[in-house]
Amino acid sequence: MPWFVKIEHGIIEKAAFDKHVPAHVAYVKDLVEKGHQARTGYWAERGGGMLVFQAESMEEAAAIVEADPLIKNQCVEYELHEWCIVVE
């Protein structure tokens, strides 16, 4: 399965953002259980982060991203890219 990367930038205050983090973490854990090999994290300097995951297509990847609570609750702006791994 291809890999995809959602690069995100926070667009709301941290206190409001943090209210949605537990739902985001639960969502990512569900992606892992479904076989998407998902990993999520934030930049050390704060203000954004990344979700790396596998999906069958760009269409499926876009649907996965749109279902993320951080997107549904308008916490972040994002870019979605297919990641072509050169060396494993």
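The values are calculated or read from the model by the stated rules, or taken from the named source; none is laboratory data. Small disclaimer: the values here were computed from a predicted structure and weren't measured. Accessible surface areas use protein heavy atoms only, side chains included; no ligands, DNA or RNA. Shrake-Rupley method; radii C 1.70, N 1.55, O 1.52, S 1.80 Å.
Some points to look at:
- With all protein chains in place and ligands, DNA and RNA left out, the 1.4 Å accessible area ranks Leu80, Leu70 as Leu80, Leu70, largest first.
- Structure-derived Rg/Rh (Cα atoms, Kirkwood Rh) - corresponding label in [x] 1.01; [y] 1.14; [z] 0.96: [z]
- Net length gained if the chain between Asp30 and Glu79 were fully extended (0.36 nm per residue, minus Cα distance): 15.5 nm
- The accessible area of Lys29, taken with all protein chains in place and a 1.4 Å probe, comes to roughly 130 Å².
- Candidate lysines for bridging to Lys19, where Cα separation is under 17 Å - those fewer than 8 sequence places away on the same chain excluded: Lys72
- Ligands, DNA and RNA left out, the 1.4 Å accessible surface of the chain is 56% carbon and sulfur atoms.
- Using alpha-carbon coordinates, inclination of helix 21-33 to the longest axis of the chain, degrees: 10
- For Val52, Val65, the ranking by accessible surface with the largest value first comes to Val52, Val65, using a 1.4 Å probe.
- Estimated at 0.36 nm per residue, the fully extended path between Val87 and Ala63 surpasses their Cα-Cα distance by 5.9 nm.
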